[in-house]
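Values in this text are rule-based calculations from the coordinates and carry no lab data. Please read all numbers here as calculations on a predicted model, not as lab measurements. So basically every Cβ, Gly included, is an ideal-geometry build from the backbone, and we count neighbours across all protein chains shown.
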Amino acid sequence: MLPSGGRLASGFGPGHERKNGPRQICIDRIWWLQSFGEAHKRWGEHGATALWDACTAKLVFGGLSSARDVYAISKLRPEVDEPTVSTSRGRDGHWSVSTSTQRRAAMTPAQLREPERWHALLLYPAIRPVLTEQRPWWREPRYEELISRAGQAIRERVPMLEPAASTACG
């Protein structure tokens, strides 16, 4: 489990950007928040909103619990037209089929709150929000050897604790 974003981002907050030329501001931070409530608590309502708005790419995983925040994020995906087919039987006994279009949310708050495992919603400017599949990096073959070597190095440097010898009082 990761520590909270407030501790990860210690010392940084809205307004910590670097100038990148006369007309650009480049935000070069990666933020990890477990909830918007955490950001509101640490930086206040306006600071949390500024932080959210300043992030170019947003990757939203499931587990959000604030109904207000989940609803607001779900509204960032445009509505979609869904064809609805209905059948009816007339007085003369003949069946008729009609198709109409209904607009519905592309992603409901419930779907955003509980996506499939390893899925997240990517919000990025100039593209429609995309439901992405995330791959656990530690399962990638190119990292298995690095992880194995790091584990071995830790085991070599950290001595195993021996149980204390019991002494008889007396």
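Brief remarks on what is shown
- Whole-percent P(r), region 28-75, all Cα pairs, 10 Å bins from 0: 23, 64, 13.
- Compactness ratio for region 49-114: Cα radius of gyration over 2.2 N^0.38 Å (N = residue count) comes to 1.78.
- FRET efficiency, residue 57 to residue 153 (Cβ-Cβ, R0 45 Å, nearest 0.05): 0.85
- Under the combined filter of DSSP loop state and at most 13 neighbouring Cβ atoms within 10 Å, region 49-103 retains these chymotrypsin sites (Phe, Trp or Tyr not before Pro): 61.
- Net +/- balance of residues flanking residue 106 in space, Cβ distance below 12 Å, scoring K and R +1, D and E -1: +2
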